[in-house]
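This report concerns only the one structure given below.
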Amino acid sequence: MVNITIDGQKLQVPEGVTILEAARTANINIPTLCYHEDQKIKSVCRICAVEVEGQRLLQAACSYPVAEGMVIRTSTPTVLNARKNNLELLLAHHPQDCLVCGKNGRCELQKLTQDLNMNKPLRYEVETRGFPIDDSSPCITRDPNKCILCTRCVEACNEVQTVGTFSKQNRGYETVVVTPYDKKTVDTPCVGCGQCVQVCPVGALTIHDDTDRIYKELVGGKILVAQVAPSVRVTIAEALGEDPGTISPGRLVTAMKKLGFHQVFDSDFSADLTIMEEGYELLDRIKNGGTLPMITSCCPGWVKFCETFSPKELDHLSSAKSPQQMFGAVIKTYYAEKAGVDPKDICSISIMPCTAKKFECLRPEFHDSGYQDVDISLTVVELANMIKAAGINFKELEETPFDTPFGLGSGAGEIFGATGGVMEAALRTVYEVITGKELPRLDFTEVRGVEGLKEAVIDIDGLEVKVAVVHSLSNARDMLRKVRAGKADYHFIEVMACPGGCVGGGGTPVRSWKKVKARLDAAYELDKQLPIRKSHENPAIKEIYAEFLGEPLSEKAHHLLHTSYISRKDLLS
Amino acid sequence: MVENRYELTTPAAQLVEVARIAAPYKNKPEMLMNVVIQVQKVVPALSEAVAAVIAREMGISQTHVSGFITFYAMLSVKPHGKYIVRMCKSAPCHVRGAQEIVLALEDQLNIKMGETTEDGRFTLEYCPCLGICDVSPAIMINDKTYGDLTPDSVREIIKRYIREDV
């Protein structure tokens, strides 16, 4: 412990902490911009400048470690002036169209201007970069002109996800965070995970907005059939200002009905369907000597990552479609038949925590119903924007259940949104199918939690099933390396591109590990509350197999619920 | 609008050579400078295709390679002339009259900064501090530096290069 003085307040803090961390323990709020609680210290924006006695110049509080006897002043006129000047210089390079920016109201730069009481015209002439807005990706929109060079996205894309879509280019005043050789995002290996959007403090990286397409469909006369992903019900309330981890499936359905969606179904159902197909595929591979380890394929970011960086390992991916695409195929075939409507009159919409799902919808493989199976994929944030724009008071809404026949999901489907959830759901079903006995305990806590790699060995009637769970693409890359080297001694691996799983996805409200953990807890809480917790016990699942699909892995199931993958290695050249 | 700096195709034979240079450094990103310097000797410029080959062979991302190339003034993404005239863009040269030197150079060679003469002999570029502020304003032509410049003296220097009297 060292003794320091901050703004006249004497403190004892552990050695090695930064001035910023020390100040926060004393409830002194030093403003920051490039600093992000889950990332490395960047120390580039110089907004957190403070005075340290004995130092000639101001120091950055985010990176300056405390030392015995240090005297720090965080709000002298010199400090406040320097912060304002640094901010003014940033603003002189930033477009001034805040009123019509997608980040309006959620922008960290904007908040800083309020906190620092910027109330006079800029003293510097505004000079922006003149880059075109890159809207080429169906997942994210890039406006390099708004970038303030905090490099949070560079860390997210290059270190957390190891995709390498963009990084700092050029030098000095010319520095920009762009793709190499000014490529369009769509021509880069970008997998659309949206983790860059999650950390961008300004409007430089935003979710590709598809809300206008929904409004168009609302007046177009089609039947709007929506499916809602498991993690949406634990993030939508947060996106509308409530606490992280607030569970609100009923209010969500009410809000969507008010917006004009005709049918609101629960993707927990198709998550259960995925478990049936994927679980039986795993059994088939184990029994008949198929390619092992089998790796999950629910996550479109991960699938594209594997297709781009490791196409030779595509055999390991389960051929089962993601829940979104299974539901898409089912809605335009089975549901259309059942409801007596022409599939061409259906507009199939998914509400997802995910930006990469927008790309998945457009894959040519996913037209098995004869039409594009899912027409539009909206993120939680976009749906929240629509709810706000419609003047719906989400907090006070009554609860409405999901529509039948796909309104019933099991707890197994519910935890798909959490890292380890797909694995746990699959194990619940695989165990009971192999043994024919009831599972003694439903909670596979070994595969829960936020460690990058989780491993477990499950004894299923003498068969030792070895499983692994990884999340974030850097961990997935390590796992791929093991698979390639033949050192991945597992039967089944779950991979999710986003850290924490879907609840930390690119389309969720701005994440931090603290919030993601609250969302994870909420997902497991929901699982506990549900009457049915195993996919194969879901009556809607039993019904669709009895009435329509036959059995898991049947020919019809293969046609509608399974897919194939392609190499995208050319994106690296 | 940002100009398109990257319209350049590199012949396949040169790309093979690039791959040969980069391949021994697989998974050694710290050797990138070494690789890029060698590569620059065999290609007219570090084009998109060149960066892709280096990235592939070294097992790093293309954005890593291009971020590296665009950071250093001595590495170039577009072809340049036989003589690269680099004007120091730092403050000491600026206050000692760099702008006049630039005007003289642009006038004499009839090109703007960043351009190459039609005959492919001269390229005008800015570069970061040359480290010879004591003789500012200063320029560097290929690997030779010239300081204490005036518009007249810089014209004389360029004339010698035009005559190949160097």
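Structure notes:
- Within region A:486-509, tally of residues that are among the hydrophobic types (A, V, I, L, M, F, W, C) and at pLDDT below 95: 1
Yes or no, residue by residue, for (1) in contact with a strand residue (DSSP E or B) (Cβ under 7 Å, 6 or more places away or on another chain); (2) in contact (Cβ under 8 Å) with a residue 60 or more places away in the chain; (3) part of a loop (DSSP other than H, G, I, E, B); (4) in the same structural domain as residue A:420 (by TED's automatic domain parsing):
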position	(1), (2), (3), (4)
A:243	no, yes, yes, yes
A:261	yes, yes, yes, yes
A:275	no, yes, no, yes
A:280	no, yes, no, yes
A:313	no, yes, no, yes
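- Unique residue being among the aliphatic types (A, V, I, L, M) and part of a loop (DSSP other than H, G, I, E, B) when the list is B:60, B:84: B:60
- The listed residues are A:113, A:141, A:128, and the only one of them that is within 14 Å of chain B (Cβ to nearest Cβ) and polar (S, T, N, Q) turns out to be A:128.
- Qualifying positions in region A:34-53 - closer than 19 Å to residue A:16 by Cα and in contact with a strand residue (DSSP E or B) (Cβ under 8 Å, 6 or more places away or on another chain): A:41, A:43, A:48, A:49, A:50, A:51, A:52, A:53
- Scanning region B:113-128 for residues that are closer than 23 Å to residue B:15 by Cβ, touching a Pro at 6+ places or on another chain (Cβ under 6 Å), more than 14 Å from chain A (Cβ to nearest Cβ) and surrounded by fewer than 22 Cβ atoms within 10 Å (Cβ to Cβ) turns up nothing.
- Residue in region A:320-333 that is surrounded by fewer than 22 Cβ atoms within 10 Å (Cβ to Cβ) and either in the same structural domain as residue A:548 (by TED's automatic domain parsing) or farther than 30 Å from residue A:489 by Cβ (or both) present: yes
- From the list A:81, A:119, the lone residue that is more than 30 Å from residue B:69 (Cβ to Cβ), assigned to a helix (DSSP H, G or I) and either of a type in the set (Ser, Thr, Tyr) or more than 35 Å from the chain's Cα centre (by Cα) (or both) is A:81.
- Selection status of residue A:222, within 14 Å of chain B (Cβ to nearest Cβ) and modelled with pLDDT under 95: no
- From A:422, A:430, residue being surrounded by 24 or more Cβ atoms within 10 Å (Cβ to Cβ), more than 30 Å from residue A:241 (Cα to Cα), in contact (Cβ under 8 Å) with a residue 60 or more places away in the chain and in the same structural domain as residue A:498 (by TED's automatic domain parsing): A:430
- Selection within region A:37-62 - crowded, with 16+ Cβ neighbours inside 10 Å and assigned to a loop (DSSP other than H, G, I, E, B): A:38, A:39, A:42, A:43, A:44, A:45, A:46, A:47, A:48, A:58, A:61, A:62
- Sole residue being free of Cβ contacts under 8 Å to residues at least 60 places away in the same chain, within 14 Å of chain B (Cβ to nearest Cβ) and aliphatic (A, V, I, L, M), chosen from A:28, A:133, A:41: A:133
- Of the residues making up region A:179-205, those that are buried (at least 24 other Cβ atoms within 10 Å of the Cβ), more than 14 Å from every other protein chain (Cβ to nearest Cβ) and assigned to a helix (DSSP H, G or I) are A:195, A:197, A:198.
- Residue match in region A:206-215 (condition: of a type in the set (A, V, I, L, M, F, W, C) and either away from every other protein chain (no Cβ under 14 Å) or under 30 Å from residue A:268 (Cα atoms) (or both)): yes
- As a summary of the residue check, residue A:542 satisfies the conditions (1) more than 14 Å from every other protein chain (Cβ to nearest Cβ); (2) more than 28 Å from residue A:334 (Cβ to Cβ); (3) basic (Lys, Arg) except for the one numbered (2).
- Matching residues, region B:37-49, being at pLDDT 95 or above and crowded, with 19+ Cβ neighbours inside 10 Å: B:39
- Every condition in (1) touching a His at 6+ places or on another chain (Cβ under 9 Å); (2) in a loop (DSSP other than H, G, I, E, B); (3) surrounded by 14 or more Cβ atoms within 10 Å (Cβ to Cβ) is met by residue A:109 except one, and the failing one is (2).
- Residue check, residue A:306 in a helix (DSSP H, G or I), over 24 Å from residue A:412 (Cα atoms) and either touching a Leu at 6+ places or on another chain (Cβ under 7 Å) or small (Gly, Ala, Ser) (or both): yes
- Positions within region B:51-78 being more than 10 Å from every other protein chain (Cβ to nearest Cβ) and free of Cβ contacts under 8 Å to residues at least 60 places away in the same chain, in sequence order: B:54, B:57, B:58, B:59, B:74, B:75, B:76
- Wholly within region A:447-564, helices (runs of 4 or more DSSP H) carrying at least 3 residues that are closer than 30 Å to residue A:312 by Cα: A:473-484, A:555-561
- Test: residue in region B:72-85 that is within 16 Å of the chain's Cα centre (by Cα), buried (at least 21 other Cβ atoms within 10 Å of the Cβ) and polar (S, T, N, Q): no
- Among residues that are polar (S, T, N, Q) and touching a residue at least 24 places away in the same chain (Cβ under 8 Å), residue B:40 is included.
- The combined condition, being in contact with a Cys (Cβ under 8 Å, 6 or more places away or on another chain) and without any contact (Cβ under 8 Å) to a residue 40 or more places away in the chain, is not fulfilled by residue B:91.
- So residue B:47, is it without any contact (Cβ under 8 Å) to a residue 24 or more places away in the chain and within 14 Å of chain A (Cβ to nearest Cβ): no
The values are calculated or read from the model by the stated rules, or taken from the named source; none is laboratory data. Keep in mind the model is a prediction, meaning the values are calculated, not measured. Note that we place each Cβ from the backbone using ideal geometry, even for glycine, and neighbour counts take in every protein chain shown.
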